[in-house]
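Just below is one structure, and these are the notes that go with it.
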2 protein chains.
Amino acid sequence: MRILLLEDEKELANALSAALNKHGIVTDHTMHLADAIELTRQHPYDAILLDRRLPDGEGLTLIPKLRRSGTDTPIIVLTARNEPLERVEGLETGADDYLGKPFLVEELLARLRAVLRRPSSLAEPGIAAGRMMIDSLHLNVTIDSMPLDLPRRELLVLVTLAKRKDKTVLRPTLEAAVYNYEEEIQSNALDAHISRLRKRLLDAGAGVTIHNIRGVGYLLKEE
Amino acid sequence: MRILLLEDEKELANALSAALNKHGIVTDHTMHLADAIELTRQHPYDAILLDRRLPDGEGLTLIPKLRRSGTDTPIIVLTARNEPLERVEGLETGADDYLGKPFLVEELLARLRAVLRRPSSLAEPGIAAGRMMIDSLHLNVTIDSMPLDLPRRELLVLVTLAKRKDKTVLRPTLEAAVYNYEEEIQSNALDAHISRLRKRLLDAGAGVTIHNIRGVGYLLKEE
DNA sequence: CTGCGAAGGTTGCAGCAGCATTACGGAGCT
DNA sequence: AGCTCCGTAATGCTGCTGCAACCTTCGCAG
């Protein structure tokens, strides 16, 4: 892990660098705001520690500059200016955390880790089918990122088929996905939905077709 | 934005709920650790506020449980136990931030926003939609940098839709974003908000429209 | 190859669930 | 007191959806 330290007090900076170093953290140090942008361009730091009072200005002013330049590196403000309103100011400017001096190195480390902790992304991949993208969790369907709106029952049919793309879905399984126990159907309502859905998919140029397997069920295929 | 508050002091909890509510944050409250896991399963909170001393145990013990159950929701510890070493302990346990009581609501808000701004968070700070810019953390809406002020509930609806621009938002999702589990609605209150919001957006020339998908939900589109 | 029965496809139609809009009054804030 | 916000309910409307009638396709056996 490598971080950038902006701090004007040489002694503190050296002590901090040494302490962090023992924890396996490499620290680059500068006391000039002007250097900071260039340094972040040269190296993608894991975090930035920022003093507010620096020889060439208020440290907080760096934050919007960095953000505008596209950096989303976590920033922790380290400062003696530790009044509640000043803390609010710091966080509102875009700092990820704010730590008043003096502080325990242990606390800084803990906050660093808290800031860096990146939980495993549970990003739902979404199902690609033909030219469609289907988000089965939120029930939306897009074609070339244009939303395609389908009536509820047709939507449920489509999602169910798409989840098992290229595999047969038994008719009772489909019915169960679209109707609950209370809603009984005594007709070919499901067939009707399939038919209407096919038409809509065709009109929209979805790039998929729904095949029937006689006596068994249905199957969604890409063209 | 909707958060879960674990706090045993009823008065503080109510006051905090009310204060956050005014800032457009919907709060669910419980004082039992045992409820927390179940509640997080029912609703994906944007953040969790956690007291350490709770009737059924130390609040911190909840954190590893939540993390093991796959929740990556940011957790802010709110507690009177505010010694440096206790703070370290809290952060090491996996809290994203640690705030000693008493605190200013302003600071809590700032820290909440800071935590939600982190890259791991799903919250997008600024959303462009039509001629609007929406700051989902501060709940500000501007049109050509002129502020547009909307009633709280309509604002929540708009932000929720804007966060998923061009994608359907299921009706229950929308309800959950606007009402907590104590506020039940037995009428078409949500529909009424949508209707009034539409009118306001039209009058303001926001450049977006809200579409309904029958039986499924709503969808915000740019014109 | 041809005929037959069953499964599936298509489509019009009527009923109704779901939505849009608006007025009204209570509650809360300044 | 005056204002806005917000939940409720009444009203009207749209179009989804189940149904049924009719048509097409498929599989199979003679």
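Once you charge only the Cβ atoms, +1 for Lys and Arg and -1 for Asp and Glu, what is the size of the charge dipole of region A:2-116 about its Cα centre, to the nearest 20 debye?
Result for region A:2-116 is approximately 240 debye, rounded to the nearest 20.
Would you mind getting me the FRET efficiency between A:Thr209 and B:Glu223? Use the beta-carbon distance for r and R0 = 30 Å, nearest 0.05.
0.35
At 222 nm, what helix-only mean residue ellipticity would chain A give, in deg cm²/dmol to the nearest 500, using -39500 (n - 2.57) for each DSSP H run of four or more?
Calculated mean residue ellipticity at 222 nm is -12000 deg cm²/dmol.
Amide H neighbours of A:Ala129 under 5 Å, at least 5 residues apart or on other chains, H built in the peptide plane: list them.
Amide H to amide H, under 5 Å and 5 or more residues apart or across chains, A:Ala129 pairs with A:Ile134.
For peptide B:87-94, compute the average count of partner chain beta-carbon atoms within 10 Å of each residue's beta-carbon.
5
Calculate how steeply helix A:84-93 sits against the longest principal axis of the alpha-carbon atoms of chain A, using the helix alpha-carbon long axis, and give the answer as 0 to 90 degrees to the nearest 10.
Helix A:84-93 sits at roughly 50 degrees to that axis.
Using the alpha-carbon atoms, what tilt in degrees (0 to 90, nearest 10) does helix B:105-117 show relative to the longest principal axis of chain B?
Around 70 degrees separate the two axes.
Given label points at 7 Å from Cα along Cα→Cβ, what nm distances, shortest first, separate A:Val105 from the same residue in every other copy?
Ordered by distance, the counterparts are at 4.1 nm.
From the label point of B:Ile37, set 7 Å from Cα along Cα→Cβ, how far away are the matching label points in the other copies, in nm, ordered shortest to longest?
Inter-copy label distances (nm, one decimal, shortest first): 5.0.
Considering amide H positions built from the backbone, and no H for Pro or chain starts, which residues 5 or more places from A:Thr27, or on another chain, come under 5 Å of its amide H?
A:Ile3
Placing unit charges on C-beta atoms (Lys and Arg positive, Asp and Glu negative, everything else neutral), compute the dipole magnitude of region B:126-222 about its Cα centre in debye, rounded to 20.
Here the size comes out at about 340 debye.
Once the Cα atoms of helix A:189-204 and of chain A are each reduced to a long axis, what angle between those two axes, in degrees from 0 to 90 to the nearest 10, is obtained?
Approximately 60 degrees, to the nearest 10.
Give, rounded to the nearest 20 debye, the magnitude of the charge dipole that chain B has about its Cα centre when Lys and Arg contribute +1 at Cβ and Asp and Glu contribute -1 at Cβ.
Dipole about the Cα centre, nearest 20: 840 debye.
Is the shape of chain A best called rounded, prolate or oblate, per the rule: a/c under 1.5 gives rounded, else a/b larger than b/c gives prolate, else oblate, with a ≥ b ≥ c the square roots of the Cα gyration tensor eigenvalues?
Prolate shape, in that a/c is at least 1.5 and a/b is the bigger ratio.
Lysines near A:Lys163 by alpha-carbon distance under 18 Å, same-chain residues fewer than 8 away left out - which ones?
Straight-line reach from A:Lys163, under 18 Å: A:Lys221.
Return the FRET efficiency for the residue pair A:Lys22, A:Arg67: r is the Cβ-Cβ distance, R0 is 25 Å, and the value is rounded to the nearest 0.05.
0.20
I'd like to know how region B:5-77 sits against the 2.2 N^0.38 Å rule of thumb: what's its Cα Rg over that expected value?
In units of the 2.2 N^0.38 Å rule of thumb, it is 1.04.
Between copies, how close do the B:Lys22 label points come, placed 7 Å along Cα→Cβ, listed in nm from shortest?
Counterpart label points of B:Lys22 in the remaining copies fall at 4.7 nm.
Would you mind telling me the antiparallel percentage of the DSSP bridges in the protein assembly as shown, rounded to 5?
Percentage antiparallel, nearest 5: 55.
Projecting each Cα onto the charge dipole of the protein assembly as shown (Lys/Arg +1, Asp/Glu -1 at the beta carbon, about the Cα centre), which of A:Ala110, B:Leu158, B:Gly59 comes out farthest on the positive side?
Value computed over the given set: B:Leu158.
Show me the ranking of peptides B:95-103, A:91-99, B:54-62 by mean Cβ neighbours inside 10 Å, starting with the highest.
A:91-99, B:95-103, B:54-62
What fraction, in whole percent, of alpha-carbon pairs in the protein assembly as shown exceed 36 Å separation?
Every Cα pair in the protein assembly as shown considered, those over 36 Å come to 40 percent.
No value in this document is a laboratory result; all are computed from the given coordinates. This structure is a prediction, so every number in the text was calculated from the model and none was measured. With ideal geometry, Cβ positions are generated from the backbone for all residues, glycine too; neighbour counts draw on all protein chains shown.
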